[in-house]
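A quick write-up on the structure given underneath.
The values are calculated or read from the model by the stated rules, or taken from the named source; none is laboratory data. In this text, all values refer to a predicted model and were calculated from it rather than measured experimentally. A quick note on method: Cβ atoms are made from the backbone with ideal geometry, for glycine too, and the neighbour counts reach across all protein chains shown. Heavy atoms of the whole protein, side chains included, go into the accessibility calculation; ligands, DNA and RNA do not. Shrake-Rupley method; radii C 1.70, N 1.55, O 1.52, S 1.80 Å.
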Amino acid sequence: MITVRRVIEFAAALSVVALAFHAGAQEASGASKKPFEPVPGMPGKDSVWVPTPFVTLEKMYDLAKLTKNDFVMDLGSGDGRAIIVAAKRGAPGLGIEWNQDLVDLSNKLAAQAGVSHLAKFERGDMFAADISKASVLGLFMLPDQLAKLTPKFLAMKPGSRIAVNGFGIPGWTIDQTEKATGDCGSWCTAHLYIVPAPVAGTWRLGDGELALTQSFQMLTGTLTAGGKSMPITGRLNGEEITFTAGDAQYNGRVAGNSMSGQVGGKPWSATKK
Ligand SMILES: C[S@@+](CC[C@H](N)C(=O)[O-])C[C@H]1O[C@@H](n2cnc3c(N)ncnc32)[C@H](O)[C@@H]1O
(Lines give C-alpha, C1' and ligand atoms only; values in the text may rest on other atoms or scores of the structure.)
Protein backbone atom coordinates (compact mmCIF):
# COMPACT_ATOMS: atom_id res chain seq x y z
CA MET A 1 0.00 0.00 0.00
CA ILE A 2 2.77 2.38 0.99
CA THR A 3 4.60 1.75 -2.26
CA VAL A 4 1.43 2.34 -4.27
CA ARG A 5 0.92 5.64 -2.45
CA ARG A 6 4.55 6.61 -3.10
CA VAL A 7 4.23 5.78 -6.80
CA ILE A 8 1.09 7.89 -6.97
CA GLU A 9 2.92 10.75 -5.20
CA PHE A 10 5.78 10.38 -7.66
CA ALA A 11 3.36 10.47 -10.58
CA ALA A 12 1.47 13.38 -9.06
CA ALA A 13 4.67 15.43 -8.68
CA LEU A 14 4.83 15.10 -12.37
CA SER A 15 1.44 16.00 -13.57
CA VAL A 16 1.23 19.00 -11.20
CA VAL A 17 4.26 20.48 -12.85
CA ALA A 18 3.45 19.35 -16.36
CA LEU A 19 1.89 22.69 -17.24
CA ALA A 20 4.82 24.60 -15.81
CA PHE A 21 7.13 22.37 -17.83
CA HIS A 22 5.11 22.94 -20.98
CA ALA A 23 5.31 26.68 -20.46
CA GLY A 24 9.03 26.42 -19.72
CA ALA A 25 9.64 24.35 -22.81
CA GLN A 26 7.82 26.84 -24.98
CA GLU A 27 9.89 29.64 -23.51
CA ALA A 28 13.10 27.66 -24.03
CA SER A 29 12.27 27.18 -27.68
CA GLY A 30 11.73 30.92 -28.08
CA ALA A 31 14.10 33.38 -29.64
CA SER A 32 15.80 34.28 -26.32
CA LYS A 33 17.25 30.68 -25.94
CA LYS A 34 17.49 30.75 -22.17
CA PRO A 35 19.89 28.25 -20.61
CA PHE A 36 18.27 24.86 -19.96
CA GLU A 37 16.60 24.70 -16.56
CA PRO A 38 15.06 21.37 -15.55
CA VAL A 39 11.62 21.39 -13.98
CA PRO A 40 10.65 18.60 -11.56
CA GLY A 41 8.21 16.33 -13.35
CA MET A 42 9.54 16.93 -16.81
CA PRO A 43 9.35 13.78 -18.92
CA GLY A 44 12.30 11.47 -19.42
CA LYS A 45 12.70 8.27 -21.40
CA ASP A 46 11.16 5.84 -18.90
CA SER A 47 10.40 8.20 -16.03
CA VAL A 48 10.21 11.85 -15.24
CA TRP A 49 12.89 13.91 -13.54
CA VAL A 50 12.33 14.37 -9.81
CA PRO A 51 15.52 15.27 -7.97
CA THR A 52 16.66 13.54 -4.79
CA PRO A 53 16.92 16.12 -2.00
CA PHE A 54 20.53 16.78 -0.97
CA VAL A 55 19.97 15.79 2.67
CA THR A 56 18.59 12.43 1.46
CA LEU A 57 21.63 11.86 -0.76
CA GLU A 58 23.89 12.54 2.23
CA LYS A 59 21.89 10.02 4.28
CA MET A 60 22.12 7.46 1.45
CA TYR A 61 25.90 7.80 1.37
CA ASP A 62 26.15 7.70 5.16
CA LEU A 63 24.31 4.36 5.10
CA ALA A 64 26.56 3.13 2.28
CA LYS A 65 29.65 4.22 4.26
CA LEU A 66 30.95 5.79 1.07
CA THR A 67 34.72 6.22 0.84
CA LYS A 68 37.15 7.68 -1.69
CA ASN A 69 37.95 4.10 -2.77
CA ASP A 70 34.43 3.54 -4.04
CA PHE A 71 33.19 4.03 -7.56
CA VAL A 72 29.66 5.42 -7.58
CA MET A 73 27.06 5.16 -10.33
CA ASP A 74 23.61 6.66 -10.75
CA LEU A 75 21.27 5.33 -13.41
CA GLY A 76 19.01 8.10 -14.63
CA SER A 77 21.29 10.69 -13.08
CA GLY A 78 19.15 13.76 -13.78
CA ASP A 79 21.09 16.96 -13.01
CA GLY A 80 24.01 14.85 -11.76
CA ARG A 81 23.59 15.65 -8.07
CA ALA A 82 24.08 12.07 -6.77
CA ILE A 83 27.44 11.84 -8.55
CA ILE A 84 28.45 15.39 -7.64
CA VAL A 85 27.62 14.87 -3.93
CA ALA A 86 29.68 11.64 -3.95
CA ALA A 87 32.54 13.47 -5.70
CA LYS A 88 32.47 16.16 -3.01
CA ARG A 89 33.16 13.28 -0.59
CA GLY A 90 36.13 12.33 -2.77
CA ALA A 91 34.55 9.35 -4.54
CA PRO A 92 34.74 9.11 -8.34
CA GLY A 93 31.55 8.29 -10.18
CA LEU A 94 29.58 8.08 -13.39
CA GLY A 95 26.01 9.14 -14.07
CA ILE A 96 24.04 7.65 -16.95
CA GLU A 97 21.24 9.87 -18.21
CA TRP A 98 19.11 9.71 -21.36
CA ASN A 99 18.38 13.43 -21.64
CA GLN A 100 21.39 15.20 -23.24
CA ASP A 101 20.35 18.56 -21.74
CA LEU A 102 20.59 17.00 -18.27
CA VAL A 103 23.97 15.47 -19.12
CA ASP A 104 25.24 18.89 -20.23
CA LEU A 105 23.82 20.51 -17.09
CA SER A 106 25.47 17.82 -14.92
CA ASN A 107 28.85 18.55 -16.48
CA LYS A 108 28.33 22.28 -15.89
CA LEU A 109 27.30 21.76 -12.25
CA ALA A 110 30.24 19.40 -11.65
CA ALA A 111 32.61 22.05 -13.02
CA GLN A 112 31.01 24.71 -10.81
CA ALA A 113 31.48 22.43 -7.81
CA GLY A 114 35.14 21.85 -8.77
CA VAL A 115 34.70 18.06 -9.08
CA SER A 116 34.81 17.52 -12.87
CA HIS A 117 37.86 15.29 -12.42
CA LEU A 118 35.76 12.86 -10.34
CA ALA A 119 32.19 13.29 -11.57
CA LYS A 120 31.60 12.02 -15.10
CA PHE A 121 28.37 11.79 -17.08
CA GLU A 122 27.32 9.93 -20.19
CA ARG A 123 24.19 9.93 -22.25
CA GLY A 124 22.78 6.43 -22.26
CA ASP A 125 20.00 4.05 -21.35
CA MET A 126 20.10 2.99 -17.73
CA PHE A 127 18.98 -0.53 -18.65
CA ALA A 128 21.91 -0.97 -21.02
CA ALA A 129 24.53 0.52 -18.68
CA ASP A 130 27.53 -1.51 -17.56
CA ILE A 131 27.51 -1.23 -13.76
CA SER A 132 30.20 -3.84 -13.13
CA LYS A 133 32.76 -1.18 -12.09
CA ALA A 134 30.47 0.34 -9.45
CA SER A 135 30.90 -0.45 -5.76
CA VAL A 136 28.11 1.94 -4.76
CA LEU A 137 24.90 2.85 -6.56
CA GLY A 138 22.95 5.97 -5.58
CA LEU A 139 19.50 5.59 -7.13
CA PHE A 140 16.07 7.14 -7.34
CA MET A 141 13.72 5.23 -9.62
CA LEU A 142 10.37 3.49 -9.67
CA PRO A 143 9.96 -0.03 -8.20
CA ASP A 144 9.39 -1.69 -11.58
CA GLN A 145 12.62 -0.17 -12.85
CA LEU A 146 14.47 -1.38 -9.76
CA ALA A 147 12.96 -4.84 -10.37
CA LYS A 148 14.10 -4.85 -13.98
CA LEU A 149 17.64 -3.97 -12.92
CA THR A 150 17.79 -6.47 -10.03
CA PRO A 151 19.67 -9.20 -12.00
CA LYS A 152 22.39 -6.60 -12.72
CA PHE A 153 22.45 -5.55 -9.06
CA LEU A 154 22.94 -9.17 -7.96
CA ALA A 155 25.80 -9.58 -10.44
CA MET A 156 27.77 -6.76 -8.76
CA LYS A 157 30.74 -7.65 -6.59
CA PRO A 158 29.51 -9.04 -3.25
CA GLY A 159 29.55 -6.32 -0.61
CA SER A 160 28.67 -3.56 -3.10
CA ARG A 161 26.13 -1.15 -1.66
CA ILE A 162 22.93 0.04 -3.30
CA ALA A 163 21.55 3.18 -1.68
CA VAL A 164 18.10 4.21 -2.84
CA ASN A 165 15.80 7.13 -2.26
CA GLY A 166 12.25 6.27 -1.28
CA PHE A 167 11.31 3.13 -3.16
CA GLY A 168 12.48 -0.32 -2.14
CA ILE A 169 13.71 -3.04 -4.47
CA PRO A 170 10.79 -5.48 -4.89
CA GLY A 171 11.33 -8.78 -3.05
CA TRP A 172 14.69 -7.79 -1.50
CA THR A 173 14.63 -7.27 2.28
CA ILE A 174 16.12 -3.86 3.07
CA ASP A 175 19.38 -4.10 5.04
CA GLN A 176 19.03 -0.66 6.62
CA THR A 177 16.68 2.32 6.45
CA GLU A 178 17.12 5.82 7.85
CA LYS A 179 15.29 9.10 7.47
CA ALA A 180 17.00 12.31 6.53
CA THR A 181 15.95 15.45 8.35
CA GLY A 182 15.65 18.92 6.93
CA ASP A 183 14.70 20.01 3.47
CA CYS A 184 13.53 16.74 1.87
CA GLY A 185 9.74 17.07 1.51
CA SER A 186 8.23 13.65 0.62
CA TRP A 187 11.62 12.10 -0.20
CA CYS A 188 13.46 11.73 3.11
CA THR A 189 13.82 7.94 3.32
CA ALA A 190 17.11 6.28 2.42
CA HIS A 191 17.36 2.51 2.07
CA LEU A 192 20.51 0.41 1.88
CA TYR A 193 20.97 -2.97 0.21
CA ILE A 194 24.22 -4.91 0.38
CA VAL A 195 24.88 -7.21 -2.57
CA PRO A 196 25.15 -10.76 -1.19
CA ALA A 197 27.66 -13.36 -2.34
CA PRO A 198 25.97 -16.05 -4.46
CA VAL A 199 25.96 -19.25 -2.37
CA ALA A 200 22.92 -21.22 -3.56
CA GLY A 201 23.71 -24.87 -4.18
CA THR A 202 25.35 -27.80 -2.49
CA TRP A 203 28.52 -27.55 -0.42
CA ARG A 204 30.74 -30.20 1.17
CA LEU A 205 31.10 -29.17 4.83
CA GLY A 206 33.48 -31.49 6.68
CA ASP A 207 32.02 -34.98 6.29
CA GLY A 208 28.57 -33.53 5.69
CA GLU A 209 26.63 -31.72 3.03
CA LEU A 210 25.19 -28.23 3.20
CA ALA A 211 22.36 -27.51 0.75
CA LEU A 212 21.57 -23.79 0.49
CA THR A 213 18.62 -22.02 -1.06
CA GLN A 214 19.13 -18.27 -1.42
CA SER A 215 16.66 -15.42 -1.74
CA PHE A 216 18.79 -12.27 -1.94
CA GLN A 217 20.65 -12.19 1.43
CA MET A 218 18.34 -14.74 3.10
CA LEU A 219 19.28 -18.41 3.34
CA THR A 220 17.40 -21.61 4.07
CA GLY A 221 18.45 -25.18 3.55
CA THR A 222 19.63 -28.34 5.24
CA LEU A 223 22.82 -29.57 6.84
CA THR A 224 23.22 -33.35 6.53
CA ALA A 225 25.92 -35.01 8.61
CA GLY A 226 26.30 -38.38 10.36
CA GLY A 227 23.10 -39.62 8.76
CA LYS A 228 21.08 -36.75 10.27
CA SER A 229 19.53 -33.82 8.44
CA MET A 230 18.63 -30.54 10.08
CA PRO A 231 17.10 -27.38 8.68
CA ILE A 232 19.21 -24.25 8.62
CA THR A 233 18.39 -20.57 8.33
CA GLY A 234 20.94 -17.91 7.69
CA ARG A 235 21.88 -14.61 6.19
CA LEU A 236 24.57 -12.95 4.11
CA ASN A 237 26.06 -9.53 4.54
CA GLY A 238 28.09 -9.24 1.35
CA GLU A 239 30.64 -12.03 1.75
CA GLU A 240 29.94 -12.58 5.44
CA ILE A 241 27.75 -15.59 6.12
CA THR A 242 25.94 -16.66 9.27
CA PHE A 243 23.62 -19.63 9.66
CA THR A 244 22.13 -21.67 12.43
CA ALA A 245 21.83 -25.47 12.39
CA GLY A 246 20.15 -26.69 15.56
CA ASP A 247 22.08 -25.08 18.43
CA ALA A 248 25.17 -24.42 16.34
CA GLN A 249 25.81 -20.91 15.05
CA TYR A 250 28.13 -20.79 12.04
CA ASN A 251 29.93 -17.54 11.17
CA GLY A 252 32.22 -17.24 8.21
CA ARG A 253 33.26 -15.63 4.97
CA VAL A 254 32.56 -16.69 1.41
CA ALA A 255 35.36 -16.57 -1.17
CA GLY A 256 33.98 -17.81 -4.47
CA ASN A 257 33.60 -21.59 -4.26
CA SER A 258 34.84 -21.91 -0.71
CA MET A 259 33.84 -20.55 2.64
CA SER A 260 35.24 -20.85 6.12
CA GLY A 261 34.76 -19.54 9.62
CA GLN A 262 34.04 -20.49 13.21
CA VAL A 263 31.39 -22.61 14.89
CA GLY A 264 31.43 -23.02 18.67
CA GLY A 265 34.96 -21.64 18.78
CA LYS A 266 36.23 -24.19 16.23
CA PRO A 267 37.06 -23.67 12.57
CA TRP A 268 34.83 -24.94 9.77
CA SER A 269 35.18 -24.79 6.01
CA ALA A 270 33.10 -25.77 3.02
CA THR A 271 33.66 -26.11 -0.70
CA LYS A 272 31.08 -25.91 -3.46
CA LYS A 273 30.21 -29.28 -5.02
C1 LIG B 1 13.51 10.33 -10.70
S2 LIG B 1 14.76 11.10 -11.68
C3 LIG B 1 16.17 10.81 -10.66
C4 LIG B 1 17.29 11.77 -10.90
C5 LIG B 1 18.53 11.55 -10.06
N6 LIG B 1 18.92 10.16 -10.03
C7 LIG B 1 18.32 12.02 -8.65
O8 LIG B 1 18.24 11.19 -7.76
O9 LIG B 1 18.22 13.24 -8.44
C10 LIG B 1 14.89 9.89 -13.01
C11 LIG B 1 15.87 10.28 -14.11
O12 LIG B 1 16.00 9.17 -15.00
C13 LIG B 1 16.08 9.64 -16.33
N14 LIG B 1 15.68 8.50 -17.18
C15 LIG B 1 14.47 7.98 -17.39
N16 LIG B 1 14.53 6.88 -18.16
C17 LIG B 1 15.84 6.68 -18.44
C18 LIG B 1 16.56 5.69 -19.17
N19 LIG B 1 15.95 4.66 -19.76
N20 LIG B 1 17.90 5.78 -19.23
C21 LIG B 1 18.55 6.82 -18.65
N22 LIG B 1 17.93 7.80 -17.95
C23 LIG B 1 16.58 7.72 -17.83
C24 LIG B 1 15.15 10.82 -16.36
O25 LIG B 1 15.46 11.68 -17.45
C26 LIG B 1 15.42 11.43 -14.99
O27 LIG B 1 16.46 12.37 -15.06
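Among rounded, prolate and oblate, which fits the range 185-273 when a ≥ b ≥ c are the square roots of the eigenvalues of its C-alpha gyration tensor, a/c under 1.5 means rounded, and a/b larger than b/c means prolate? It is prolate, given that a/c is not under 1.5 and a/b is the larger ratio. Rounded to the nearest 0.05, the FRET efficiency derived from the C-beta distance between residue 113 and residue 181 at R0 = 30 Å is 0.80. Spatially, the range 184-231 and the range 38-97 are offset by 30 Å when compared through their Cα centroids.
Per residue of the chain, what 222 nm ellipticity follows from adding -39500 (n - 2.57) for every DSSP H run with n ≥ 4, rounded to the nearest 500? Mind dumping the intermediate values first?
Values: 5 runs with 71 residues, N = 273.
Roughly -8500 deg cm²/dmol at 222 nm, from the helical runs in the chain.
Projecting the alpha carbon convex hull of the chain along each direction and taking the average yields 16.6 nm². With viscosity set to 0.692 mPa s and temperature to 37 °C, compute the Stokes-Einstein D of the range 45-194, Rh being the Kirkwood radius across alpha carbon pairs; µm²/s, no decimals. D, rounded to a whole number, is 220 µm²/s.
Across the alpha-carbon set of the range 137-204, the Rg to Rh ratio works out to 1.05, Rh being the Kirkwood radius.
At a 1.4 Å probe radius, carbon and sulfur cover how many percent of the accessible area of the chain?
Details: 7560 of 13480 Å².
Here it works out to 56 percent.
Starting from the Kirkwood radius over alpha-carbon pairs of the range 76-139, derive D by Stokes-Einstein at 10 °C in a medium of 1.306 mPa s and give it in µm² s⁻¹.
Working: Rh = 11.4 Å.
Once the numbers are plugged in, D ends up at 140 µm²/s.
Which sequence of 269, 116 reflects their accessible areas, 1.4 Å probe, from the largest down?
Sorted by accessible area, descending: 269, 116.
Within the range 90-206, DSSP assigns beta bridges of which about 50% are antiparallel (rounded to the nearest 5).
Residue 34 to residue 65: extension gain in nm, 0.36 nm per residue of separation minus the Cα-Cα distance?
Working: separation 31, 0.36 × 31 = 11.16 nm, distance 3.94 nm.
Between residue 34 and residue 65, full extension yields an extra 7.2 nm.
Between rounded, prolate and oblate, where does the range 26-97 land on the alpha carbon gyration tensor, with a ≥ b ≥ c its root eigenvalues, rounded for a/c under 1.5, else prolate if a/b exceeds b/c? Mind showing how you got there, number by number?
Working: a/c = 2.60, a/b = 2.30, b/c = 1.13.
Note, shape of the range 26-97 comes out prolate.
Pairs from the table (34/88; 45/108; 88/108; 45/179) lying more than 25 angstrom apart at Cα are 34/88; 45/179.
Taking all protein chains as they are arranged and a probe of 1.4 Å, the heavy atoms of residue 133 leave approximately 150 Å² accessible to solvent.
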